[in-house]
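The values are calculated or read from the model by the stated rules, or taken from the named source; none is laboratory data. This structure is a prediction, so every number in the text was calculated from the model and none was measured. Methodologically, a virtual Cβ is constructed for each residue, glycine included, from the backbone with ideal geometry; neighbour enumeration extends over all protein chains shown. With ligands, DNA and RNA removed, areas are computed over all heavy atoms of the protein, side chains included. Shrake-Rupley method; radii C 1.70, N 1.55, O 1.52, S 1.80 Å.
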Amino acid sequence: MQLKISEPWSKFLKEEFNKEYFSNLRAFIGKEYKTKKVYPPSDEIFSALNYCDINNLKVVIIGQDPYHGYGQANGLSFSVNQGVKIPPSLRNIFKELINEYPDYCPWSGDLTHWAEQGVLMINATLTVLEKQPGSHQGKGWEVFTDSVISLISETKKDIVFVLWGAFAQKKKLLIDSDKHFILQSAHPSPFSAHRGFLGNNHFKQINEYLNSNNKKEITW
């Protein structure tokens, strides 16, 4: 299966792509796309990487699984395609943004413009079967995305890692907290948003940290 990935990321992850587990993962995913309904579209599997210039990387937001409903997943964690109804977790993300920036007015659930400013929104698992959440977990994606996080931690500095919820917070072990800024809170899901996500002030903290390190702030 041919996978679309930008040249800078392809070079950065070259060793990973050459490993046996990734060859097995590629074969598995290729078969799934040929025989089943899988999201996101195959040319958007690596959108999180393709839209975020590795040389301008500032923030990493870690999700768990792509949306499994028709037309939702676009390869960026928490993001949906323009015109798609905004899912509950993203609705709470927007609520928090309005808490922090009262003039903020979300016009779409498509967060591509965040990625283009250096925000890597990556799910631990990059594909999913329609209406079957978690269906591609344990197939090799987590090995790959853990390696992405580890390599960023090892080779970059002053990156903001955003860990919302218990699942994302497990990734803290992959991150060098002496080199990077880690933000943690409850997940924006309706089940947990009121237990620490809403009011976490993360978006302002991200920009304050970027500003203190002479990096351009994110226009949310």
### Query
Taking amide hydrogens as modeled 1.01 Å from N in the peptide plane, which residues meet the under 5 Å criterion relative to Val60, leaving out close sequence neighbours?
Leu120, Val160, Phe161, Val162
### Summary
Along principal axes, largest first, the alpha-carbon spread of the stretch 129-220 in whole Å comes out as 42, 34, 23
### Task
Go through the stretch 172-217 and name the chymotrypsin sites (Phe, Trp or Tyr not before Pro) that are in a DSSP coil and have 16 or fewer other Cβ atoms within 10 Å of their Cβ.
Phe191
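Kindly state, as a whole number, the per residue volume in cubic angstrom of the convex hull around the alpha carbon atoms of the chain.
Details: hull volume 25.1 nm³, N = 220.
Hull volume normalised by residue count: 114 Å³.
About the Cα centre, and with charges only on the beta carbon of Lys, Arg (+1) and Asp, Glu (-1), how big is the dipole of the stretch 139-203? Nearest 20 debye, please. Don't skip to the end; give the middle numbers.
Details: 8 positive and 6 negative charges, 32 e Å.
Result for the stretch 139-203 is approximately 160 debye, rounded to the nearest 20.
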## Note on the structure
Using alpha-carbon positions, the gyration tensor of the stretch 98-166 gives root eigenvalues a ≥ b ≥ c; with a/c under 1.5 called rounded, otherwise prolate if a/b exceeds b/c, else oblate, the class is oblate
### Query
Under a 1.4 Å probe, what is the accessible area of the stretch 1-96 per residue, stated in Å²?
50 Å²
### Summary
So, over other residues within a Cβ distance under 15 Å of Lys95, counting Lys, Arg +1 and Asp, Glu -1, the net charge is 0
## Note on the structure
Asserting the computed 222 nm helical MRE of the chain (DSSP H runs at least 4 long, -39500 (n - 2.57) per run, divided by residue count, to nearest 500) equals -10000 deg cm²/dmol
### Task
Taking the Cα centre of the chain as origin, sum charge times position over the Cβ atoms of Lys and Arg (+1) and Asp and Glu (-1), and report the length of that vector in debye to the nearest 20.
460 debye
### Query
Taking the chain as a Gaussian network, Cα atoms linked when under 10 Å apart, which of Asp103, Asp53, Asp158 shows the biggest mean-square fluctuation?
Asp103
## Note on the structure
The pairs in Lys95/Lys156; Lys11/Lys172; Lys139/Lys179; Lys34/Lys172; Lys11/Lys95; Lys85/Lys215 lying past 29 Å Cα-Cα in this model are Lys95/Lys156; Lys139/Lys179; Lys34/Lys172; Lys11/Lys95; Lys85/Lys215
### Query
By DSSP, what percent of the beta bridges with both residues in the chain are antiparallel, rounded to the nearest 5?
20 percent
### Summary
With x for Gly and Pro, the residue-by-residue ³J(HN,Hα) of the stretch 66-71, computed from phi through the Karplus equation 6.51 cos²θ - 1.76 cosθ + 1.60 at θ = phi - 60° and given in whole Hz, is x, 4, 10, x, 4, x
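Counting only protein heavy atoms, what percent of the accessible surface of the stretch 135-220 is carbon or sulfur at a 1.4 Å probe?
Details: 2050 of 4240 Å².
Here carbon and sulfur together make up 48 percent of the probe-accessible area.
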